[in-house]
1. For residues that are exposed (fewer than 13 other Cβ atoms within 10 Å of the Cβ) and part of a loop (DSSP other than H, G, I, E, B), tally how many sit in the stretch 51-61.
2. If you go through the stretch 10-46 one residue at a time, how many are exposed (fewer than 10 other Cβ atoms within 10 Å of the Cβ), under 13 Å from Ala64 (Cβ atoms) and hydrophobic (A, V, I, L, M, F, W, C)?
3. Out of the residues in the stretch 11-49 that are among the β-branched types (Val, Ile, Thr) and modelled with pLDDT of 85 or more, state the one that is nearest to the chain's Cα centre (by Cα).
Amino acid sequence: MSILTSQSYEPGDLIYSEEPFVRILRHDLWDKVCAGCCEYKKGLKKCSACSVMRFCGKNCQKKAWIDHFKI
């Protein structure tokens, strides 16, 4: 497979990046990883709607809300 481009790239160059379509956290990480930014954090707070998923702050919870209606 080849790609035609007007620019040359070196090995390791980032040529495309996009937010994931779906995020799924393993059950054993629900209390260790923020469901919004998917980073390991301490002091995560439970979602006020489902009381299952945890977020590091209101910004992450709001950002994830569209995908996080119900569990």
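1. Number of matching residues: 1.
2. The qualifying residues number 2.
3. Of all residues in the stretch 11-49, those among the β-branched types (Val, Ile, Thr) come to 15, 22, 24, 33.
Next, only the ones that are modelled with pLDDT of 85 or more stay: 15, 33.
Numbers: Ile15: 20, Val33: 10 Å.
If we take residues in the stretch 11-49 being among the β-branched types (Val, Ile, Thr) and modelled with pLDDT of 85 or more, then Val33 is nearest to the chain's Cα centre (by Cα).
The values are calculated or read from the model by the stated rules, or taken from the named source; none is laboratory data. This is a predicted model, so every value here is computed, not measured. Using ideal geometry, Cβ is built from the backbone for each residue, glycine included, and neighbour counts are taken over all protein chains shown.
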